[in-house]
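**Q** My questions will all concern the structure given below.
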Amino acid sequence: MKDAIDSLPADRPTEAAGFANRKLIRPSLNRADHNHSSAPNAEHRERPDRPERGERSERHGQNGGRKGAPPEQTNAENFYYQKQMQSKTPMVIVLGDGEEIRGMIEWYDKSCIKVTRNGQANLLIYKPAIKYMYKEGENSKK
């Protein structure tokens, strides 16, 4: 067992084994010193220098020209529910299994809506169970 450990010399350089740490060296070239054109008299338009990373550019805004991520929620659903609640619009809620529930939306939250019905029990409906909904006066199939 000791022979297997001692078979490798301790003073062996790591470069010879191919395990050397390699570092990427990127030289800084000035645009005036570096000519990109291959033809001697070719016209060449210089691009304006880019700002360093982290610097603010007035032309690109705060985030360096990249668009930010779109908002996670557009609030369109919230606006629709608020509008129907305020006007007390009679709604038809069609569930995933095809069952139709008629009533007015009393309140809503992130995961469910409460439907008030005339002459029947009020219902709390989970949003994932809803296939679609429409105003009661409208035709569901156009």
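**Q** Taking Gly54, is it surrounded by 10 or more Cβ atoms within 10 Å (Cβ to Cβ), more than 23 Å from Leu124 (Cα to Cα) and either touching a Leu at 6+ places or on another chain (Cβ under 8 Å) or at pLDDT below 90 (or both)? Let's see the steps before the verdict.
**A** Working: surrounded by 10 or more Cβ atoms within 10 Å (Cβ to Cβ): no; more than 23 Å from Leu124 (Cα to Cα): yes; either touching a Leu at 6+ places or on another chain (Cβ under 8 Å) or at pLDDT below 90 (or both): yes.
No; evaluated as a whole, the condition is false for this residue.
**Q** For residues that are within 15 Å of Ser87 (Cβ to Cβ) and of a type outside the set (Asp, Glu), scanning just the range 116-142, find the one that is surrounded by the most Cβ atoms within 10 Å (Cβ to Cβ). Step through it out loud before you land on a result.
**A** Pass one, the range 116-142, residues within 15 Å of Ser87 (Cβ to Cβ): 116, 133-138.
Those left that are additionally of a type outside the set (Asp, Glu): 116, 133-135, 137.
On the way: Thr116: 14, Met133: 21, Tyr134: 13, Lys135: 13, Gly137: 8.
Among them, the one singled out is Met133.
**Q** Inspect the range 110-125 for any residue being in contact (Cβ under 8 Å) with a residue 12 or more places away in the chain, part of a strand (DSSP E or B), touching a Pro at 6+ places or on another chain (Cβ under 7 Å) and not acidic (Asp, Glu) and give the result as yes or no.
**A** No, because not a single residue in the range 110-125 is in contact (Cβ under 8 Å) with a residue 12 or more places away in the chain, part of a strand (DSSP E or B), touching a Pro at 6+ places or on another chain (Cβ under 7 Å) and not acidic (Asp, Glu).
**Q** Select from the range 88-115 the residues that are loosely packed, with under 10 Cβ neighbours inside 10 Å and within 18 Å of Glu136 (Cβ to Cβ) and list them in ascending order.
**A** Gly98
**Q** Any residue in the range 75-89 that is in contact (Cβ under 8 Å) with a residue 24 or more places away in the chain sitting within a Cβ distance under 9 Å of a residue that is part of a helix (DSSP H, G or I)? List the pairs, counting only those 6 or more apart or interchain.
**A** Thr89/Lys83
The values are calculated or read from the model by the stated rules, or taken from the named source; none is laboratory data. Predicted, not measured: the structure shown is a model, and the values here were computed from it. Reconstructed Cβ throughout: ideal geometry from the backbone, glycine too, with neighbour counts over all protein chains shown.
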